[in-house]
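Right, one structure below, let's go through it.
The values are calculated or read from the model by the stated rules, or taken from the named source; none is laboratory data. Nothing here was measured: the structure is a model prediction, and the numbers come from that model. Backbone-built Cβ (ideal geometry, glycine too); neighbour counts: all protein chains shown. Accessible surface areas use protein heavy atoms only, side chains included; no ligands, DNA or RNA. Shrake-Rupley method; radii C 1.70, N 1.55, O 1.52, S 1.80 Å.
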Amino acid sequence: MGHFRFMTAGESHGKGLLTIIEGTPAGLPMSEEYIAKHLRRRQMGYGRGKRQQIETDFAEIYSGVRHGLTMGGPVGLRIENKDWNNQNWVRRMSVDPVEGEVERLTSMRPGHADLSATVKYGLDDVRPALERASARETTARVAASAIARRLLEELGIQIHSHVAAVGEVRADVPAQPDWELVEASPMHCADPSVEAAMMARVDYAKENHDTVGGVFEVRASGVPIGLGSHVHWDRKLDGRLAQAVMSMQAVKGVEIGGGFETASLPGSQVQDVILPKEQWSDRPWTHASNRAGGLEGGVTNGEDVTVRGALKPISTLPRPLPSADLLTAELRDGFYERSDVCVVPAAGVIGEAMVALILADAVLEKFGGDHIKETVRNYHAYMKTIGPRGEGFSL
């Protein structure tokens, strides 16, 4: 049984970020430029801060690829933090001991991991917790997901995202978004009629020294029936997807398909009718709707896998909230470290990464294969078996 997993390392203002991806079949085409394309998408979007002008994220492939093809071993990636030198973080984040005192950061920001992580690890300085908890870490996730994307593309699976809401401004999303239009939109929005209103909402937050959150949606198309499992709770694919998206910094809610909206509707308006044979498209099975978000019983049902993430306004505020001091517990002004106003478009790209990573693992669990040709061969053999179980059916 195949298994696809990854691990990241690194701090926001340290030397850089590292990631190791294990389980990639041999023979998968891979290049640094392919990874860079998705890293650039993560840095785009209306409302990003000045750091995106400093960093031009690039993942150097350290291992696992030869002559443009994966070799079957772990793929190692390294991403340099240019801010390490530009803002003199060398002393503050030095690996070795330094002479003299290094200023301790003791003002804890509401909404961050500053209090919880600092107490958990027995620290008297917020900086170590802040550095690892930062969303900068998602750069390594997006880099790792490029490997997963290439694997999924071999099976015809495509992953996209769009911004469904910014603050109170909500998009009217078409059943089939124009993904080229979305990519060209500064808000990563599928509804041109609300793009200007979304940008105005970001501007309003910026003018008031505030931040704004929203909702992003990730869609995976071409996903075959049968990924995941209904047998054990921890193998249900919708649960794994929800955990992966919830693991993103600032995400406070996840829904699959209709999610919370369907909770207020009668069952007759929620279930997705399986269409009779004469109404099938070019797929073996199809549904009249997709309120289930492509998953039933923890298993994919052949429709688009649809996952939404609710992103709270980011916690680093230009006009900081008051908070307690770590050492004295006295109330003091919070501190501000350069940040963004709105990251919902970028969060969609990170959401794509998390969905891709989970789906890649589910694909290898189902189809296996030490070489990508073996994986694809197993996939096509399986796809021949998924039609009606009538006369002549055989595995």
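Summary of computed values
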read-out: Karplus (6.51, -1.76, 1.60) ³J(HN,Hα), θ = phi - 60°, over region 130-145, in Hz, Gly and Pro reported as x; value: 4, 5, 7, 6, 4, 5, 4, 4, 5, 4, 5, 5, 5, 4, 4, 5
read-out: Amide H partners (placed H, <5 Å) of residue 164, local residues excluded; value: 215, 216, 217
read-out: Computed FRET value (nearest 0.05) for residue 22 with residue 158, which takes r as the C-beta separation and R₀ as 22 Å; value: 0.35
read-out: Charged-residue dipole, Cβ positions (Lys, Arg, Asp, Glu), region 276-372 about Cα centre, Debye nearest 20; value: 280 debye
read-out: Furthest towards positive pole of dipole, 89, 362, 285, structure part the chain, Cβ charges; value: 362
read-out: Extended-chain gain in nm, criterion 0.36 nm per residue less alpha-carbon gap, residue 115 and residue 232; value: 38.6 nm
read-out: Rounded accessible area per residue of the chain, 1.4 Å, Å²; value: 49 Å²
read-out: DSSP-assigned coil residues among chymotrypsin sites (Phe, Trp or Tyr not before Pro) in region 201-287, each with at most 14 further Cβ atoms within 10 Å; value: 280
read-out: Calculated FRET value between residue 7 and residue 278, using beta carbons and R₀ = 30 Å, to 0.05; value: 0.05
read-out: Rounded to 10°, Cα long-axis angle of helix 344-367 versus longest principal axis of the chain; value: 50 degrees
read-out: Options 193, 148, 273, ranked by Cα towards positive dipole end of the chain, top entry (Cβ charges); value: 148
read-out: Global form of region 177-270, assessed from the alpha-carbon gyration tensor, a/c cut-off 1.5; value: prolate
read-out: ³J(HN,Hα) computed for each position of region 380-388 - Karplus, 6.51 cos²θ - 1.76 cosθ + 1.60, integer Hz, glycine/proline x; value: 5, 5, 5, 4, 6, 9, 9, x, x
read-out: Residue-span extension gain [residue 382 to residue 92] - 0.36 nm each, minus C-alpha spacing; value: 98.9 nm
read-out: With Cα atoms, 0 to 90° folded angle of helix 192-207 axis to the chain main axis; value: 20 degrees
read-out: Ratio of Rg to Rh over the chain (Cα coordinates, Kirkwood Rh, two decimals); value: 1.00
read-out: Per-pair calculated FRET efficiency, R0 = 51 Å: residue 183 and residue 328 via Cβ, rounded to 0.05; value: 0.55
read-out: Ordering of 218-224, 61-67, 313-319 by packing [mean C-beta count within 10 Å, highest first]; value: 218-224, 313-319, 61-67
read-out: Choice from 164, 196, 148 showing the highest fluctuation, given a GNM over the chain with Cα pairs closer than 10 Å; value: 196
read-out: Fluctuation leader among 259, 297, 122 - the chain, Gaussian network, Cα springs under 10 angstrom; value: 122
read-out: Options 73, 113, 9, ranked by Cα towards positive dipole end of the chain, top entry (Cβ charges); value: 73
read-out: Listed residues 31, 323, 94, most fluctuating in the chain (Gaussian network, C-alpha, under 10 Å); value: 94
read-out: Crossing angle, helix 237-246 versus the chain [Cα axis fit, 0-90 degrees, rounded to tens]; value: 20 degrees
read-out: Restraint check, 82/120; 37/82; 206/312; 82/252, Cα-Cα greater than 22 Å; value: 82/120; 82/252
read-out: Gain on full stretching of the segment that runs from residue 312 to residue 208 - 0.36 nm per residue minus C-alpha separation; value: 35.7 nm
read-out: Apportionment of accessible area to carbon and sulfur, the chain, percent (1.4 Å); value: 53 percent
read-out: Label point distance in nm, residue 268-residue 36, each placed 7 Å from Cα along Cα→Cβ; value: 5.9 nm
